[in-house]
Amino acid sequence: MGKFFDNLNLVLGVGLVIALALMMGFHAETVSAEAVLRWMHVFFGITWIGLLYYFNFVQTPVMPSVPAELKPGVSKYIAPKALFYFRWGAAFTVLTGAILAYVNNYLVEALTLQPQVRLIGIGMWLALIMAFNVWAIIWPNQQKVLGLVEADDAAKAKAGRTALVASRTNTLLSIPMLYAMTTYQTLGS
């Protein structure tokens, strides 16, 4: 049993098989592309926002208290891997959300903030801003901070501050974004 849990890919694969079994076992005749897309959208969204909260609630506040000799363990091993899942979680959340809106025939209406889908449209725009921050601001600056891209100490300090502000902006925006997304699913526009 221990070997099974040592293999993350195997754990994820079995989790996927169980989820598919649930889909087929309970809703085989009604499983739709929409249901699968919504499930994928939520999975990727949890990955993205979960890591956003990890960075903002745990890693960033704790790093100043980490002894200098231990910091490379985070910056060389943990942070790059977490940032990989963070940025791809963002990309796949936005992609599956856009496809979901398209399949449900409200993509254009939501992005143009039409009254009947305004709430989800606001959530979508907040998510797009957040994804832009991930790819255009946070990731390029974190590459400097982590030494993945050449930068002197002053540039690293500036990049760290820029990444922090963009990440905190995403934390701020995530709260109304999550409200808009979940409330639309419950109450509509």
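The values are calculated or read from the model by the stated rules, or taken from the named source; none is laboratory data. Note that the coordinates shown come from a computational prediction; the quantities given were computed from them, not determined experimentally. Using ideal geometry, Cβ is built from the backbone for each residue, glycine included, and neighbour counts are taken over all protein chains shown.
Among all positions in region 78-92, there is at least one residue which is among the aliphatic types (A, V, I, L, M), out of contact with any Pro (no Cβ under 8 Å at 6 or more places or on another chain), within 23 Å of residue 121 (Cα to Cα) and in a helix (DSSP H, G or I). Among the residues of region 149-170, just one is in contact (Cβ under 8 Å) with a residue 60 or more places away in the chain and surrounded by fewer than 16 Cβ atoms within 10 Å (Cβ to Cβ), namely 168. May I ask you to list the residues in region 16-69 that are among the charged types (D, E, K, R) and either surrounded by 12 or more Cβ atoms within 10 Å (Cβ to Cβ) or more than 26 Å from residue 105 (Cα to Cα) (or both)? Those that are among the charged types (D, E, K, R) and either surrounded by 12 or more Cβ atoms within 10 Å (Cβ to Cβ) or more than 26 Å from residue 105 (Cα to Cα) (or both): 34, 38, 69. State whether one or more residues within region 157-175 are part of a helix (DSSP H, G or I) and farther than 20 Å from residue 57 by Cα. Scanning region 157-175, I find at least one residue that is part of a helix (DSSP H, G or I) and farther than 20 Å from residue 57 by Cα, so the answer is yes.
Just checking, does region 102-115 include any residue being at pLDDT 95 or above, among the small types (Gly, Ala, Ser) and more than 27 Å from residue 144 (Cα to Cα)? Yes.
Scanning region 70-91 for residues that are surrounded by 14 or more Cβ atoms within 10 Å (Cβ to Cβ) and within 15 Å of residue 145 (Cβ to Cβ) yields 74, 75, 79, 80, 82, 83, 86, 87.
Taking the condition outside any helix (DSSP H, G or I), out of contact with any Lys or Arg (no Cβ under 6 Å at 6 or more places or on another chain) and assigned by TED's automatic domain parsing to the domain that holds residue 55, does residue 141 pass? In short, no.
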